[in-house]
Structures are given as structure tokens and as C-alpha cells.
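Here, each number is a calculation from the coordinates, and none is a lab measurement. Computed from a predicted structure; not experimentally measured. Here the Cβ positions follow ideal geometry from the backbone for every residue, glycine too, while neighbour counts run over all protein chains shown.
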Amino acid sequence: MAQANSFSHIGAACVRVLARQAAINAVKSELQRRGERVHHIAMRDIHIAADDYLAAHPELIPATEERVRNSPRLRTLLEHEERKARRNAR
């Protein structure tokens, strides 16, 4: 499969999910750094903060795309999902 066309709508969704997860982890790390207990904070508040973090750090998206391209496991998963989507589109 050609790597140039490796980000279909499923690939884009994969990248968004991984970028959001990275933002959630960054927010949790910041909370821990400040001495707050993460499990005492509502996940809703963490997700809102993560969305704000992702909006403030758009460089996470290209970094995540690169992570998917360089990770054999993620690239294999992405290619499998793309093949499945093409089969379902027929």
C-alpha cells in the first residue's frame, strides 16, 4: 500500500483520537506536577482541559501523524482499518 495515501477518514480519526489522548495525558501530568490528585478531578473537567490544550497546541496533530507513520503497529492497524473500510464501501 502506498504510504502517501495513508490518511483516509479513518486514519484522520485515528490521529485525532491519539492526539486527544496525548492532550489528556499532558493535562494529567500538569495536575500531578501541581500536586493535585488526578482521581479527585472529574474526567469531564480533564477532557475539557485536554480539548483546550489541544486547541492551544495544534502541533500535536502533525506529531501524532508522524507517530502513526513511524510505528509499525499503528501503521498496520491503520492499513487494516482502511482495507476494511474499502471492502465495506463496495
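Values as computed for the structure displayed
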item	result
Inter-residue pairs, beta-carbon under 7 Å, first in contact (Cβ under 8 Å) with a residue 24 or more places away in the chain and in the range 45-58, second surrounded by 12 or more Cβ atoms within 10 Å (Cβ to Cβ) and not aliphatic (A, V, I, L, M), 6+ apart	50/20; 54/20
Members of the range 30-78 that are charged (D, E, K, R), farther than 13 Å from residue 15 by Cα and part of a helix (DSSP H, G or I)	30, 33, 44, 45, 51, 52, 73
Matching residues, the range 16-44, being among the aliphatic types (A, V, I, L, M), under 27 Å from residue 75 (Cα atoms) and free of Cβ contacts under 8 Å to residues at least 40 places away in the same chain	17, 23, 24, 26, 27
